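Heads up: the structure comes next, in structure tokens.
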Amino acid sequence: MAWRALGKKGFSASLTKVFAVTSRYSVASVSKCGVQDSAKVLPASVRHLHGHCQTTSSLSADKDLTFPAGIWLIRCFHASPELLARRREDESLGLKTSKRVKVVNSGKFSKRKKETQAPVEAPYVPPKLKRAAKSMPDKTIEIFEGMTIGELAKRCGESAATIQNIIINVGEKTDSEFDALSIDIAELVAMEVGVNVRRLLSDEGVQILPRPPVVTVMGHVDHGKTSLLDALRLTSLAAKEAGGITQHLGAFVVGMQSGASITFLDTPGHAAFSAMRARGAAVTDVVVLVVAADDGVMPQTLEAMNHAKAANVPIVVAINKCDKPDANPERVKVQLASEGLMLEEMGGDVQVVEVSAVNKSGLDKLEEALLLQAELMDLKARIDGPAQAYVVEARVDKGRGPLATAIVKAGTLVCGQHIVIGAEWGRIRCIRDMARKMMVQATPAMPVEIEGLKGLPMAGDDIVVVESEERARMLCEGRKKKLEKDRLMKLEVERQKLEEERLKTSEDEENEDEEEKSNRVEVPIIVKADVQGTVQAVSDALKSLNSPQVFVKVIHAGVGPVSQSDVDMAQACGACIVGFNVRDLPTAISQSATQAKIKIKLHRVIYHLLEDIGNLIVEKAPGTLETKVAGEAQVLNIFELKGRSKAKGDDVKIAGCRVIDGRLTKSATLRLLRSGEIVFEGCCASLKREQQDVEAVGKGSECGLVIKDCLDFQVGDVIQCLVKVNRKPKFISSESGAVRIEC
Ligand code: GDP
């Protein structure tokens with residue numbers, strides 16, 4: 001452990017320094033004082049070696065021996081007294097100790113002398129990594145400015161030598177594993193190794209001040225999240241400054257008379273919340289759980305509660321629609337309490353506010369409750385130093401290019417800084433607040449719009465400030481490479497999983513699988529949505545509808561309204577277009593889609609969208625052939641036809657039956673059951689009713705039937721009529737709001 005804690009190279013370096021200074025003296029004195037000196041520089045963990053050195057040195061002193069400097073000293077350090085004694089004897093007999101002792105002490109490291117060769121002028125080729133870097137998309141390590149190579153190696157689970165190789169490969173210099181790394185290089189190296197990083201910025205010696213809370217609104221569909229946000233937005237600073245005109249920009253700030261303020265994320269629902277969380281963007285401080293007073297706790301209310309609990313984010317309940325005549329806030333409170341939410345008025349710490357988004361009543365109380373919650377949480381942030389921020393929404397503006405609405409978590413974001421934002425980069429050309437006012441800088445919890453990006457980032461992406469354009473490009477390249485590596489690895493894992501599933505099924509039912517495989521259909525879909533975060537959420541949700549019979553293939557996903565090029569692409573691929581939260585279709589596009597027989601489905605509620613596409617999938621699915629009991633008959637009598645000529649065939653037994661359920665058809669397979677056990681199964685050779693051949697007999701009727709090759713009827717037996725039916729998959733939506741296709 002001590003060796004590992006110190007690091008081999010550091011240890012030998014310290015030793016070499018000690019020995020270099022003292023090599024002129026005899027071992028006895030050198031060893032003693034050398035080790036004493038080194039003990040000062042070495043950590044306590046290795047000082048126990050001191051004792052061992054003293055033993056060695058006293059042995060040398062006793063015999064009044066002097067050794068050549070350098071190697072002998074190092075050997076003394078490792079060799080036992082017995083070994084040394086044997087070596088002395090060998091030398092006194094004139095025997096050579098070993099050829100391998102020819103070592104030169106060249107400063108930091110002791111190296112063996114090499115055969116001298118003429119120097120060759122060749123370009124430097126960075127050493128290749130011994131193994132291909134694998135990607136570990138699930139592993140995240142924390143990195144910080146000034147961390148040593150050794151520390152990074154330990155966190156990455158790699159050797160220091162591998163990390164040093166990577167550092168050289170990315171074009172940086174490295175001398176020892178104690179070299180300090182900049183946080184950007186540490187991230188680059190970690191990405192090469194294949195792990196994710198979380199950047200830690202030190203709060204030491206900088207100003208830390210209280211900051212406003214960042215709030216997300218969640219709850220069941222139609223309980224009034226959007227209406228509540230709209231009502232709150234009208235009380236926002238931007239609305240006041242813009243004379244009540246507001247626009248959805250991803251976030252807004254509500255200012256209070258006391259001077260305090262609250263930042264609201266303007267994308268309701270847990271999809272956005274979990275998409276952000278999935279990227280490690282812990283932006284939200286408080287969740288407002290909206291519950292309609294006339295509807296009560298519903299599946300997505302519980303889901304939102306679980307999301308908040310999982311993220312360890314406190315909840316403030318807003319019971320909405322209290323203006324409605326059938327509103328029953330008390331019932332909602334009891335429901336919430338029975339779901340384990342400890343409400344304040346029942347002795348817990350969760351505040352409940354009764355509001356009406358339509359009447360705009362109770363909004364001030366909600367804002368007060370949120371500020372109180374923030375005060376309890378003692379929210380503070382570092383003000384100085386480089387900003388750490390997260391994207392809450394991104395869009396492309398025709399004139400201004402890619403724009404990102406971001407919330408600063410710590411530090412200050414300043415105009416002109418180079419930033420890396422997800423896998424994109426840029427130089428901040430302009431920062432605007434939510435009232436579109438230009439600003440020089442943005443401080444914690446402030447939502448701002450950033451201009452000057454080279455590409456469109458995604459909701460939940462982190463924003464880091466870097467020192468130069470070169471660094472920004474380098475980091476951005478590294479992140480893109482890592483993303484691509486992760487994507488390919490995910491694809492490979494999915495492919496392997498599918499392959500395994502296919503192999504497993506083929507082992508069990510080889511023929512059936514072949515049938516299914518050839519019947520499997522693909523549903524190509526083009527996804528368009530208002531913002532990047534939603535595009536991703538919709539695409540992911542659609543993929544959850546994949547089933548062994550139907551593959552949902554998102555062939556293109558983008559931000560913005562449905563365009564003519566989308567229709568053209570859909571026509572070329574036979575795809576269906578899904579638009580979420582996008583503008584209604586212009587007539588020209590709608591006409592061209594109708595002409596091309598392209599289905600365009602526009603929705604504003606994700607569950608409606610999934611249900612719609614789910615039904616389309618069910619329609620397109622080939623289905624599975626299943627055997628179904630179409631009818632049952634009971635044997636009442638048995639008739640034997642004997643002595644028939646050879647030409648007409650063997651003896652025949654006719655079962656005289658009454659149909660007790662469903663119907664019996666001649667073309668079907670018949671199954672003979674006795675006391676619930678299957679006795680025989682075969683096709684129907686003859687079906688007669690009142691001496692007439694018939695194709696089918698219905699419930700309550702009597703008939704005579706012959707099953708091919710069956711002579712074993714008994715009175716009381718049951719005959720089932722089996723038919724093959726094509727069963728289509730089902731669209732299933734669970735109580736939690738999750739959907740799937742059941743085959
Ligand atoms: P969301 O799906 O949770 O975002 O719900 P919406 O905000 O879209 O609201 C769904 C419906 O409830 C709309 O018809 C709103 O007009 C209505 N609604 C929302 N808040 C209130 C309210 O406080 N009172 C009444 N009476 N209706 C409301």
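Any chance segment 231-240 includes a residue that's modelled with pLDDT of 85 or more and either in a helix (DSSP H, G or I) or among the aliphatic types (A, V, I, L, M) (or both)? For segment 231-240, residues modelled with pLDDT of 85 or more and either in a helix (DSSP H, G or I) or among the aliphatic types (A, V, I, L, M) (or both): present.
If you scan segment 167-188, which residues turn out to be among the polar types (S, T, N, Q) and exposed (fewer than 15 other Cβ atoms within 10 Å of the Cβ)? Matches in segment 167-188: none. Is segment 442-461 home to any residue that is in a strand (DSSP E or B) and surrounded by fewer than 16 Cβ atoms within 10 Å (Cβ to Cβ)? No, segment 442-461 contains no residue that is in a strand (DSSP E or B) and surrounded by fewer than 16 Cβ atoms within 10 Å (Cβ to Cβ). For segment 556-563, does any single residue satisfy the condition of being open to solvent by 70 Å² or more (accessible area, probe 1.4 Å) and not in a helix (DSSP H, G or I)? Among the residues of segment 556-563, not one is open to solvent by 70 Å² or more (accessible area, probe 1.4 Å) and not in a helix (DSSP H, G or I), which makes the answer no. As a summary of the residue check, residue 267 satisfies the conditions (1) more than 16 Å from the ligand (Cβ to nearest atom); (2) at pLDDT below 90; (3) not in a helix (DSSP H, G or I) except for the one numbered (1). Residue count for segment 693-730 under the criterion of being at pLDDT 90 or above and either at positive phi or among the hydroxyl-bearing types (Ser, Thr, Tyr) (or both): the result is 3.
Across segment 413-441, the qualifying residues are those that are of a type in the set (Lys, Arg) and not in a strand (DSSP E or B), and the one among them that is least open to solvent (accessible area, probe 1.4 Å) is 436. Listed conditions (1) part of a loop (DSSP other than H, G, I, E, B); (2) surrounded by 11 or more Cβ atoms within 10 Å (Cβ to Cβ) are all met by residue 672, apart from (1). Is there a residue in segment 703-723 that is without any contact (Cβ under 8 Å) to a residue 60 or more places away in the chain and among the polar types (S, T, N, Q)? Within segment 703-723 (the criterion being without any contact (Cβ under 8 Å) to a residue 60 or more places away in the chain and among the polar types (S, T, N, Q)), the answer is no, since none of the residues qualifies. Note on segment 515-552: residues that are among the basic types (Lys, Arg), at pLDDT below 85 and not in a helix (DSSP H, G or I) total 1.
List every residue pair whose Cβ atoms lie under 6 Å apart, where the two residues are 6 or more positions apart in sequence or sit on different chains, the first residue falls within segment 209-230 and is assigned to a strand (DSSP E or B) and within 15 Å of the ligand (Cβ to nearest atom), and the second residue, located anywhere, is open to solvent by less than 10 Å² (accessible area, probe 1.4 Å) and not aliphatic (A, V, I, L, M). Going by the 6 Å Cβ cut-off, the qualifying pairs are 219/301. Residues of segment 341-363 being crowded, with 19+ Cβ neighbours inside 10 Å and under 19 Å from residue 295 (Cα atoms), which ones? The answer is 341, 352, 353, 354, 355, 356, 357, 362.
Of all residues in segment 364-378, those being open to solvent by less than 10 Å² (accessible area, probe 1.4 Å) and either within 16 Å of the ligand (Cβ to nearest atom) or more than 34 Å from the chain's Cα centre (by Cα) (or both) number 1. Take the conditions (1) among the small types (Gly, Ala, Ser); (2) within 16 Å of the ligand (Cβ to nearest atom); (3) at pLDDT 90 or above; residue 304 misses just one of them, which is (3). Of all positions in segment 316-338, at least one carries a residue that is without any contact (Cβ under 8 Å) to a residue 12 or more places away in the chain, away from the ligand (no atom under 14 Å from the Cβ), open to solvent by less than 40 Å² (accessible area, probe 1.4 Å) and not charged (D, E, K, R).
The set of residues in segment 393-409 being among the hydrophobic types (A, V, I, L, M, F, W, C) and open to solvent by 10 Å² or more (accessible area, probe 1.4 Å) consists of 396 alone. Restricting attention to segment 272-295, the residues that are buried (at least 19 other Cβ atoms within 10 Å of the Cβ), of a type in the set (A, V, I, L, M, F, W, C) and either outside any helix (DSSP H, G or I) or modelled with pLDDT of 90 or more (or both) add up to 10. Residues in segment 135-160 that are modelled with pLDDT of 80 or more and under 13 Å from residue 193 (Cβ atoms): 13 in all.
The values are calculated or read from the model by the stated rules, or taken from the named source; none is laboratory data. Everything numeric in this text was worked out from a predicted model, so none of it was measured. In this analysis, Cβ positions are derived from the backbone assuming ideal geometry, glycine residues included, and neighbour counts consider all displayed protein chains. Areas reflect the complete protein model, heavy atoms only, side chains present, ligands, DNA and RNA absent. Shrake-Rupley method; radii C 1.70, N 1.55, O 1.52, S 1.80 Å.
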